[in-house]
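The values are calculated or read from the model by the stated rules, or taken from the named source; none is laboratory data. Because the structure is a prediction, the values reported are computed rather than measured. Please note: Cβ atoms are built from the backbone with ideal geometry, for glycine as well, and neighbour counts cover all protein chains shown. Note: accessible area is taken over every heavy atom of the protein model, side chains too, but ligands, DNA and RNA are not part of it. Shrake-Rupley method; radii C 1.70, N 1.55, O 1.52, S 1.80 Å.
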Amino acid sequence: MPLVSMNEFLPAAKEKKFAVGQFNMNNLEFSQAIVQAAMEENSPFIFGVSEGALKYMGIEFTVAMAEAAAKQSGLPIALHLDHGSSFDVAMKCIRAGFSSVMFDGSHYSYEENVRLTKEVVKTAHAMGVSVEGELGTIGGVEDDISVDEADASLAKPDEAIRFYEETGVDCLAIAVGTAHGMYSGEPDIKFDIIEEVTKNIPVPVVLHGGSGVPDEMIKKAIQAGAGKINVNTENQVALTNAIRNVLSSNDSVYDPRKYLGPGKEAMVEVVKSKIRLFGSNNQA
């Protein structure tokens, strides 16, 4: 099966009140773990690729891994640029074979964010590619970009609704109190913002910073209208902890397969648990 746009499954997620997971692809092991988990759970999913990951893996390898996963699994899989910083980066990814892109203009003024997002949407939609936009500023660390909690800003519901109407994005990331990375305490998620926005637009809201959010909060966010949830840090932590355990218990290990294998299996369990939590199992 070829890679698909997020519109292959996000409308169903909104209608049936489940969420599709975006699991970031950082190397081969991440890709293999994510697709294995999704196959076992019969779930659609989104490979998220940040610009930092693109630089690390190379765009050709990235697309090839995603296409191999789609062909092997037969699942509806979107290959999605995460937090794209410009029109040019989005177009480069589309030309290379990405089926979905995010343009993150949240650091611009509202008017400039709308203008730039509309440009991406117009071109991407003409090529059958879905687009995610963002409004408000999400705290935490994503690649090399750090946003202090004090500088994070919540999305305003009326502005988010107008943003959708003016841009025509296929899903909308709004700042509601979550953050990239792991939390030192519990996040203060504004479920009322999710609900207000979702009931007034036909596309789902995206919850960034899904790692470390308590399960009950995730379920509540989905019921409020979050149809796409991003997870990356929990997989990174699971991989790293498994590798540390192997190397600390046997200092004669040097074959990377001996420690990356357990790391991959640890990520499989994380992704399977998220898929079940999000309710996307058996929705492929």
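Considering only residues that are β-branched (Val, Ile, Thr) and farther than 22 Å from residue 168 by Cβ, which ones fall in segment 55-108?
Hits for segment 55-108 are 59, 62, 63, 77.
Output the residue which, of all residues in segment 83-130 that are without any contact (Cβ under 8 Å) to a residue 60 or more places away in the chain, of a type in the set (S, T, N, Q) and open to solvent by 10 Å² or more (accessible area, probe 1.4 Å), is nearest to residue 50 (Cα to Cα).
85
If you go through segment 197-211 one residue at a time, do you hit one that is among the small types (Gly, Ala, Ser), modelled with pLDDT under 95 and surrounded by fewer than 19 Cβ atoms within 10 Å (Cβ to Cβ)?
Looking through segment 197-211, none of the residues is among the small types (Gly, Ala, Ser), modelled with pLDDT under 95 and surrounded by fewer than 19 Cβ atoms within 10 Å (Cβ to Cβ).
Can you name the strands (runs of 3 or more DSSP E) wholly within segment 91-192 that have at least 2 residues being modelled with pLDDT of 90 or more?
100-103, 130-135, 171-174
Considering only residues that are in contact with a Ser or Thr (Cβ under 8 Å, 6 or more places away or on another chain) and not in a helix (DSSP H, G or I), look in segment 231-262 and name the one that is nearest to residue 160 (Cα to Cα).
Checking each candidate, the answer is 231.
All but one of (1) over 13 Å from the mean Cα position of the chain (by Cα); (2) part of a helix (DSSP H, G or I) hold for residue 34, so report the exception by its number.
(1)
Can you pull out every residue in segment 234-267 that is closer than 30 Å to residue 15 by Cα and either touching a Leu at 6+ places or on another chain (Cβ under 9 Å) or surrounded by fewer than 21 Cβ atoms within 10 Å (Cβ to Cβ) (or both)?
Those that are closer than 30 Å to residue 15 by Cα and either touching a Leu at 6+ places or on another chain (Cβ under 9 Å) or surrounded by fewer than 21 Cβ atoms within 10 Å (Cβ to Cβ) (or both): 234, 267.
Collect the residues in segment 212-230 that are assigned to a loop (DSSP other than H, G, I, E, B), out of contact with any strand residue (DSSP E or B) (no Cβ under 6 Å at 6 or more places or on another chain) and either farther than 19 Å from residue 154 by Cα or modelled with pLDDT of 95 or more (or both), keeping them in residue-number order.
Scanning segment 212-230 gives 212, 214.
Can you pull out every residue in segment 212-221 that is open to solvent by 10 Å² or more (accessible area, probe 1.4 Å) and either in contact (Cβ under 8 Å) with a residue 60 or more places away in the chain or touching an Asp or Glu at 6+ places or on another chain (Cβ under 8 Å) (or both)?
Hits for segment 212-221 are 212, 214, 215, 217.
When you go through (1) assigned to a loop (DSSP other than H, G, I, E, B); (2) closer than 12 Å to residue 78 by Cα; (3) of a type in the set (S, T, N, Q) one by one for residue 26, which number turns out not to apply?
(2)
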